[in-house]
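Colleague: Please find one structure pasted underneath; my questions will follow.
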């Protein structure tokens, strides 16, 4: 999966979904954000097992795929990116 997104628009969606991430869970997966490439959008989802937040951001997506990324690190990276757009690549064969 490869997705190209607007840094500003994606950053706003990421901030919204990050509110649903579990801060102190023994289940590591709850500290992440699920990214799903589908059609012309990149879906973002999070949950803390009590609430769930889902949204999507317009993106140029090549191939379908899904990956969970640690929310805190991903937020820090996206906030540090310059304006414009960025690309996200995930090779599902690598795990």
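Colleague: Scan region 22-57 for residues that are closer than 23 Å to residue 92 by Cα and in contact with a strand residue (DSSP E or B) (Cβ under 9 Å, 6 or more places away or on another chain) and report the count.
Modeller: 24
Colleague: When only residues in region 1-30 that are surrounded by fewer than 19 Cβ atoms within 10 Å (Cβ to Cβ) and in contact with a helix residue (DSSP H, G or I) (Cβ under 6 Å, 6 or more places away or on another chain) count, which is farthest from residue 63 (Cα to Cα)?
Modeller: 18
Colleague: Next up: State which residue is farthest from the chain's Cα centre (by Cα) when the search covers only region 67-82 and only residues that are farther than 16 Å from residue 16 by Cβ and in a helix (DSSP H, G or I).
Modeller: 80
Colleague: Hey, can you tell me all the residues within region 83-95 that are part of a loop (DSSP other than H, G, I, E, B) and surrounded by 14 or more Cβ atoms within 10 Å (Cβ to Cβ)?
Modeller: Residue satisfying the conditions is 90 alone.
Since every read-out is calculated from the coordinates, none of them should be taken as a lab result. Here the structure is a predicted model, which is why all the values come from computation and not from measurement. FYI the Cβ positions are ideal-geometry reconstructions off the backbone, even for glycines, and counts take in every protein chain you see.
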